[in-house]
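Remarks on the structure that follows.
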Amino acid sequence: MKRLLILAIAITTVFLFADDDEKMYKKRYKNNELSTNQDTKAAKLYKNECGSCHMAYQAEFLPKRSWVKLMKQKSLEDHFGVDATLDEADRAEIENFLVKNAGDNKRVYGEFKEFIESINKSFTPIKISEVPYFKKEHRKIAKKWIKQKEVKSIANCAACHTKAQSGDYDDDNIKIPNYGKWDD
């Protein structure tokens, strides 16, 4: 009987903390604590420069080391096939913003926490789609839904995640073009 009581308390505690974690996650992205929701000069620069070609991904998706590697001037000269070179002051300001908000540089919740926890310390991904948690979450998506003209690439988060710009990747907000609501 004593073991059963201890087990029941342990399970209840896990569910309470998981629920608190989810509540905190929703509160934080609604309160503009995610990097791309901030109203700062650096956030605006990042959204204007990087967001002019692709979605300005939340910095919380990657660890500091990834942002540093990605923001090297040499890397920006051939940024996934595009010259994304910036003047040094802007490059440094954006890199500092990304590092400050990286998923391993501050407390993160929900999906962002699962992203960071899935990355081995010896791995430095430069694409969010290289992160193990991302791969796990997208493994059931047929390539035809990704390759279609409305989506084009697995990197186009906003094509299916209707609230991606604000950092809300909740399953309730997934609608794949020409497929409909995703129900995993």
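At a glance:
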{"read-out": "Residue match in segment 147-160 (condition: of a type in the set (A, V, I, L, M), assigned to a helix (DSSP H, G or I), touching a residue at least 24 places away in the same chain (Cβ under 8 Å) and within 22 Å of S66 (Cα to Cα))", "value": "yes"}
{"read-out": "Matching residues, segment 83-134, being within 17 Å of I154 (Cβ to Cβ) and either touching a strand residue (DSSP E or B) at 6+ places or on another chain (Cβ under 6 Å) or not in a helix (DSSP H, G or I) (or both)", "value": "S118, P125, I126, K127, V131"}
{"read-out": "Members of segment 39-54 that are within 18 Å of P125 (Cβ to Cβ) and either in contact with an Asp or Glu (Cβ under 6 Å, 6 or more places away or on another chain) or surrounded by fewer than 18 Cβ atoms within 10 Å (Cβ to Cβ) (or both)", "value": "H54"}
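Read the figures in this text as sums done on the coordinates, not as results from a lab. In this text the structure is predicted, and so the values were computed from the model without any measurement. Virtual Cβ from ideal backbone geometry, glycine too; neighbours counted across all protein chains shown.
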